[in-house]
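Structure record follows, encoded as structure tokens.
The values are calculated or read from the model by the stated rules, or taken from the named source; none is laboratory data. Quantities reported herein were computed from a predicted structural model and do not represent experimental measurements. Heads up, the Cβs are rebuilt from the backbone with ideal geometry, glycines too, and the neighbour counts pull from every protein chain shown. With ligands, DNA and RNA removed, areas are computed over all heavy atoms of the protein, side chains included. Shrake-Rupley method; radii C 1.70, N 1.55, O 1.52, S 1.80 Å.
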Amino acid sequence: MGVCIFCGGKAGLFRKEHRECRARYNEGKSQIVDIVSSSVGGDTDYARITSDIQEIASECCISEDQIDQLIKNGGNKAVDAAFEDDFLSKQEEEDLIRFMDHFSLKQDNFNGFTRIVKGAILREVMEGTLPNRMKFVDIPFNLMKSEQLVYAFNDVDYYEQKTKREYVGGSKGVSVRVAKGVYFRTSSFRGHPIERTETIHTDTGVMGITNKHIYFFGPHKQFRVKYDKIIAFTPYTDGIGLQRDAATAKPQTFSTGDGWFTYNLIVNLSQM
Ligand SMILES: [Zn+2]
């Protein structure tokens, strides 16, 4: 006779769970995610939330480890909601940080944090403030005086165009003006991955974005490009393309994995 993994009761021959216990367990998990995600913002009574979660967990046989994961899932759901309009307001950022503090979510154990930082950096750039939020270690770039590193991407694939092509200014999708800057919504990037058949993967390395240059540092290639030498930027789902202002310059593309952030950051920094 098998024993139910949830209630410990007799489950029947070759059975490890009761159907009702499994259903209650799944229902409890989604309830916790909903409670957590809707706790962000406003005058949240976090003590109440915590006791509600504990109560559901014990009723539905959800373990402490699972609670931790469900809280992160709820947090990510709240981050999704904050980005529904593709923009993270100051208030939304503060609410999310308070939420993280309460549930002891740390930068390195909650992946929603990266999105919060990116949203906050873009907002600051768009408001005309140079963001200084990141602490960088082992920077391979030799920055100029009065130059500030705003963001750095690891493991960026760098591609060069095989043949020179005239730059054709196509549709860039829908842009929205926010404060000073021009801002592209996530939907503008869908279906525009970097075209890899016409490009050569030249190197993989660190890409640094400052208030003056784009830097690239890889085992084979190291260079920087000044913003005022760039005549066109191309948004891609997974990165950005640029065309330098030189007769011989071939288009260069950088795959960071996050075209929305990369493009909005670089285009707005270049106009600061
Ligand atoms: Zn059971």
Would you rank Lys145, Lys212, Lys226 by solvent-accessible area, highest first, keeping every protein chain in place and using a 1.4 Å probe? Lys145, Lys226, Lys212
To the nearest 20 debye, what is the magnitude of the charge dipole of the chain about its Cα centre, counting +1 on the Cβ of each Lys and Arg and -1 on the Cβ of each Asp and Glu? 1000 debye
Per residue of segment 248-253, in order, report the coupling 6.51 cos²θ - 1.76 cosθ + 1.60 (Karplus, θ = phi - 60°) as ³J(HN,Hα) in whole Hz, putting x for Gly and Pro. 8, 5, 9, x, 10, 10
20 °C / 1.002 mPa s Stokes-Einstein diffusion coefficient of segment 2-110, Kirkwood radius on C-alpha pairs, µm²/s: 141 µm²/s
Beyond a 23 Å Cα-Cα separation, which of these cross-linked pairs lie in this structure: Lys162/Lys229; Lys106/Lys145; Lys118/Lys145; Lys10/Lys72? Lys106/Lys145; Lys118/Lys145; Lys10/Lys72
Gaussian network model of the chain, springs between alpha carbon atoms under 10 Å - residue of Ala81, Ala11, Ala232 with greatest fluctuation: Ala11
Per the helix-only model, the chain has a calculated mean residue ellipticity at 222 nm (DSSP H runs of ≥4, -39500 (n - 2.57) each, divided over all residues, rounded to the nearest 500) of -11000 deg cm²/dmol
Using the Cα centre as the reference, give the magnitude of the dipole from point charges on the C-beta atoms of segment 149-270 (Lys, Arg: +1; Asp, Glu: -1; all else neutral), rounded to the nearest 20 debye. 400 debye
Can you list residues from other chains, or at least 5 along the same chain, whose modelled amide H is less than 5 Å from the amide H of Tyr236? Gly241
Would you mind telling me the share, in percent, of accessible area of the chain contributed by carbon and sulfur at probe 1.4 angstrom? 49 percent
For segment 1-42, which chymotrypsin sites (Phe, Trp or Tyr not before Pro) are both in a DSSP coil and crowded by at most 13 other Cβ atoms within 10 Å? Phe14
Considering all alpha-carbon pairs of segment 149-270, what whole percent are spaced by more than 20 angstrom? 39 percent
According to the Kirkwood expression over distinct Cα-Cα pairs, how big is the hydrodynamic radius of the chain, in Å? 21.5 Å
Under a straight-distance cross-link criterion of Cα-Cα below 15 Å, which aspartates and glutamates are reachable from Lys226, leaving out those fewer than 8 residues away in the same chain? Glu147, Asp245
Given the options Cys60, Phe14, Gly41, identify the residue whose Cα lies farthest towards the positive end of the charge dipole of segment 2-110 (+1 on Cβ of Lys, Arg; -1 on Cβ of Asp, Glu). Phe14
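With every protein chain kept in place and ligands, DNA and RNA left out, what is the accessible area per residue of the chain? Probe 1.4 Å, answer in Å².
55 Å²
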Anyone know which of Ser58, Ser255, Ser188 comes out most mobile in the 10 Å Cα GNM of the chain? Ser58
Net charge over other residues, Cβ less than 12 angstrom from the Cβ of Gly41 (K, R count +1; D, E count -1): -4
Filtered trypsin sites (Lys or Arg not before Pro), segment 1-46: DSSP coil and at most 12 other beta carbons within 10 Å: Lys16
Which residue fluctuates most in the GNM of the chain (Cα springs below 10 Å): Asn142, Asn111, Asn211? Asn142
